[in-house]
Every structure is written in C-alpha cells, then in structure tokens.
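Report on the structure given below.
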C-alpha cells in the first residue's frame, strides 16, 4: 500500500524500504476498523513486540438520495477503493516542504502526516483493515485503517536518508539484483528474508564505542548471562 508512490518530486532516497505485508499489523488494524469510529486508536492499543507502530486512517461516505437507492445497494457497491485512499494520502505532498526530509517536524495548520508516514524510509511492514457500516438513514461509510512498522513521523528524525537510490540499503537486502526475486520497484531496498530485522553497516564517521546492528554475528552484540534458566532471548524486526 503506497509502494507505487514512494518517489517523485522529492530528493532521492538511498535507504527507502520495499514494503512487506504483516499479518499481525493487519489483524490489529481490522480490530480497530471494526469499532466503526473514525479516529486513531491509542498507541498502546496497537503495540506489538517488534517495533513501534504508526497508523493512517481514512473514510469514504456514500449517500443515497432515496430509500429505494439504499435498499438496492449490492455487495459490489461496498468494495474498497484503496487506490483513491492512497492517492488522498499522497496528495498531501502539495503542502509538504522538502526541508522536512532531513529533520521531520509538524507543520502547523497543514495536514501532511498521512503522506509522511507513507514515505517514511524505515517503515517497511504494513497491515491494513477495512469495515463498511451504515451511517445515518441513507448513507454508508467505508472505514480504512493501515498500521505501519516501524512507526514514522518521529520529530527530529530524518524521513529517509538522501542519496543515490539503493546506496544506503541494509546489508541483508538487495536492490534490483540477482537475489531480488520479483522486485518490481527499482531503487527500493528489498529484504532478502522478510522475517529478519534490517541490518545497516556502521557509519565510518560513527564515534560510538559499541555498535550492535541486531546481528548475532557482530562482536558488540555478544551477550552472556548467569542463571540463564530464567532468561529467554527474543529477536525483533525493528532494526536500527
């Protein structure tokens, strides 16, 4: 959802991830959509173990001009229109300022947050839900919910790293190469194994004494613990 619009009219991104469908995020999105209330759920309500979760929501109302019209509604009339929803999100680019790419901030009085979450570089897992319900005597509403992991729209953080497309991808991803099976989106970073966290190379300019990149093979990620019978080790999909 949104893969086709990840580019155009903006500085090129070196680390833009290709989206992967996430069943857990979709189930949570569907649960919230089933409430039939057009508002965001609480942050904790969509919490998962792997990463913080962002959210975009939208609705489309259809109003009949008579009771007969309402009675004649068929299943085909209730089908979702995802392309229109995504276009509405992306059209917020009209109010967007490119200076926010390296340092995201809210723009007072302007709605851009659907768009910015949609193109957030390190958001790479997505799950959506939809419900259709009657609203009033002669209208019905499609309510759309999409959850993104990890969450974007983080104040003070870059929306993505600028540079040649694909030049800043995780080391366990590929860009249009031989290992990118079915990669229809040139310039996006496709994870080689979507069940692992993105691993990024350590910056040459980094002054950190230690650097754990979520890989158990990295020396700085090594751990030891006494009494391990009471401990468990878990991996996550967040990455850095």
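The values are calculated or read from the model by the stated rules, or taken from the named source; none is laboratory data. Predicted model only: the values in this text are computed from it and were never measured. Cβ coordinates were reconstructed from backbone atoms using ideal geometry, including for glycine residues, and neighbour counts include every protein chain displayed.
Residues in the range 104-127 that are in a loop (DSSP other than H, G, I, E, B) and in contact (Cβ under 8 Å) with a residue 40 or more places away in the chain: 104, 105, 106, 119, 120, 121, 122, 123, 124. Residues in the range 96-116 include at least one that is crowded, with 18+ Cβ neighbours inside 10 Å and either touching a strand residue (DSSP E or B) at 6+ places or on another chain (Cβ under 6 Å) or at positive phi (or both). Out of curiosity, is residue 223 assigned to a loop (DSSP other than H, G, I, E, B), in contact with a strand residue (DSSP E or B) (Cβ under 9 Å, 6 or more places away or on another chain) and either closer than 22 Å to residue 127 by Cα or at pLDDT below 95 (or both)? No; evaluated as a whole, the condition is false for this residue.
Filtering the range 128-159 to residues that are touching a residue at least 60 places away in the same chain (Cβ under 8 Å), part of a loop (DSSP other than H, G, I, E, B) and on the phi < 0 side of the Ramachandran plot leaves 135, 137, 138, 150, 151, 152. Within the range 61-86, the set of residues being within 18 Å of the chain's Cα centre (by Cα) and free of Cβ contacts under 8 Å to residues at least 60 places away in the same chain comprises 83, 84, 85. Selection of helices (runs of 4 or more DSSP H) fully inside the range 1-103 by the criterion of at least 1 residues being at pLDDT 95 or above returns 23-33, 82-90. The condition of being surrounded by 14 or more Cβ atoms within 10 Å (Cβ to Cβ), out of contact with any helix residue (DSSP H, G or I) (no Cβ under 9 Å at 6 or more places or on another chain) and within 17 Å of residue 145 (Cα to Cα) holds for only one of 33, 58, that being 33. Right, residue 176: surrounded by 12 or more Cβ atoms within 10 Å (Cβ to Cβ), in contact with a strand residue (DSSP E or B) (Cβ under 8 Å, 6 or more places away or on another chain) and either part of a loop (DSSP other than H, G, I, E, B) or without any contact (Cβ under 8 Å) to a residue 40 or more places away in the chain (or both) or not? No; evaluated as a whole, the condition is false for this residue.
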